[in-house]
Amino acid sequence: DPIDALKLDASLSDDDIETLVQRLKDEADRHWYIDPNDSLQYAEKIIAIGHYYENPSHIALGMMSKGDALRYLAQYDDAWDLLVRAGDLFLEINDEVGWGRTCIGRLAMCIQVDKIEQAKTDAEKALQIFLDRQDYDKYVRLLNNLLYVYLTLSDYYSTIHIYDDLNNDPTIFDRLPLARLAALYNNVGFAYFQIGQLEASRHFYTLALKI
């Protein structure tokens with residue numbers, strides 16, 4: 001692995017370091033569904049790089065990545081605590097988007113750690129941050145996690161209302177990444193199915209299948 005072979009030293013340029021960190025983060029994410037223990041190792045490398053080059057942004061990124069890996073290992077309490085710490089560090093360096101990214105993982109496991117209201121409140125703030133930065137990919141990822149929470153709580157009407165509000169604002173909806181819409185349509189289709197509106201459910205499942 002060329003990542004493993006690359007030695008850390010003072011001669012690496014800032015661009016080289018950024019490239020290395022991004023490759024490690026990409027690999028950590030890719031291994032969520034292969035072996036989260038590998039994701040954990042990639043996250044530890046990012047943290048080590050952040051400490052070596054005294055870069056708090058990379059330390060926070062590594063902590064976030066480690067928290068996500070722990071979440072996939074079902075170590076929810078430790079994962080939550082680490083994501084909170086990563087978010088706090090992002091805020092210390094005035095990186096609101098970084099903080100918002102930690103909300104994606106926290107929202108995905110808020111039910112397991114019984115911190116639903118806190119996660120939902122932070123998610124609303126993070127959604128606005130992503131909109132302000134026109135980061136629609138992170139916006140819809142977080143939104144899908146929010147819908148998942150409502151579905152898990154059997155709050156199907158909130159899921160539908162959130163989608164309707166989004167759909168009625170073309171300045172947002174038309175900019176959402178197509179690849180992310182399948183999950184959105186599936187969530188809404190499931191909500192309609194659960195309240196017995198089968199035609200609407202079929203419509204959204206069909207939209208999802210077309211992507």
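Selection of first residues in the range 111-123 that are in contact (Cβ under 8 Å) with a residue 12 or more places away in the chain and of second residues that are open to solvent by 30 Å² or more (accessible area, probe 1.4 Å) and in a loop (DSSP other than H, G, I, E, B), restricted to Cβ pairs under 9 Å at least 6 apart or on distinct chains, gives the following pairs, ordered by first then second residue: I111/L153; Q112/A74; I116/L153; A119/I111. Considering only residues that are open to solvent by 40 Å² or more (accessible area, probe 1.4 Å) and either among the hydroxyl-bearing types (S, T, Y) or under 16 Å from A69 (Cβ atoms) (or both), look in the range 9-22 and name the one that is modelled with the lowest pLDDT. Across the range 9-22, the extreme among qualifying residues is S11. Only one of these is without any contact (Cβ under 8 Å) to a residue 12 or more places away in the chain and closer than 24 Å to Y148 by Cα: D68, D88, D35, D29. Name it. On inspection, the qualifying residue turns out to be D35.
Taking the condition charged (D, E, K, R), without any contact (Cβ under 8 Å) to a residue 40 or more places away in the chain and open to solvent by 30 Å² or more (accessible area, probe 1.4 Å), does D165 pass? Yes; evaluated as a whole, the condition is true for this residue.
Exactly one condition in (1) surrounded by fewer than 16 Cβ atoms within 10 Å (Cβ to Cβ); (2) of a type in the set (A, V, I, L, M, F, W, C); (3) under 21 Å from the mean Cα position of the chain (by Cα) is false for L209; which is it? The single condition L209 does not satisfy is (3). If we keep just the residues of the range 41-65 that are without any contact (Cβ under 8 Å) to a residue 24 or more places away in the chain and charged (D, E, K, R), which is farthest from E27 (Cα to Cα)? Across the range 41-65, the extreme among qualifying residues is E54. Within this structure, I104 fails the test of being hydrophobic (A, V, I, L, M, F, W, C), open to solvent by 20 Å² or more (accessible area, probe 1.4 Å), at pLDDT 95 or above and touching a helix residue (DSSP H, G or I) at 6+ places or on another chain (Cβ under 7 Å).
Quick check: anything in the range 40-56 touching a His at 6+ places or on another chain (Cβ under 8 Å), farther than 18 Å from L142 by Cβ and open to solvent by 40 Å² or more (accessible area, probe 1.4 Å)? Checking the range 40-56: not a single residue is touching a His at 6+ places or on another chain (Cβ under 8 Å), farther than 18 Å from L142 by Cβ and open to solvent by 40 Å² or more (accessible area, probe 1.4 Å). Taking (1) assigned to a helix (DSSP H, G or I); (2) open to solvent by 10 Å² or more (accessible area, probe 1.4 Å); (3) closer than 22 Å to A86 by Cα; (4) not small (G, A, S) in turn, V113 satisfies each apart from (1). State yes or no: is F173 closer than 20 Å to G100 by Cα and either open to solvent by 80 Å² or more (accessible area, probe 1.4 Å) or not β-branched (V, I, T) (or both)? For F173, the condition - closer than 20 Å to G100 by Cα and either open to solvent by 80 Å² or more (accessible area, probe 1.4 Å) or not β-branched (V, I, T) (or both) - is met.
The values are calculated or read from the model by the stated rules, or taken from the named source; none is laboratory data. Here the structure is a predicted model, which is why all the values come from computation and not from measurement. No Cβ is skipped: glycine too gets one built from the backbone with ideal geometry, and neighbour counts run over all protein chains shown. With ligands, DNA and RNA removed, areas are computed over all heavy atoms of the protein, side chains included. Shrake-Rupley method; radii C 1.70, N 1.55, O 1.52, S 1.80 Å.
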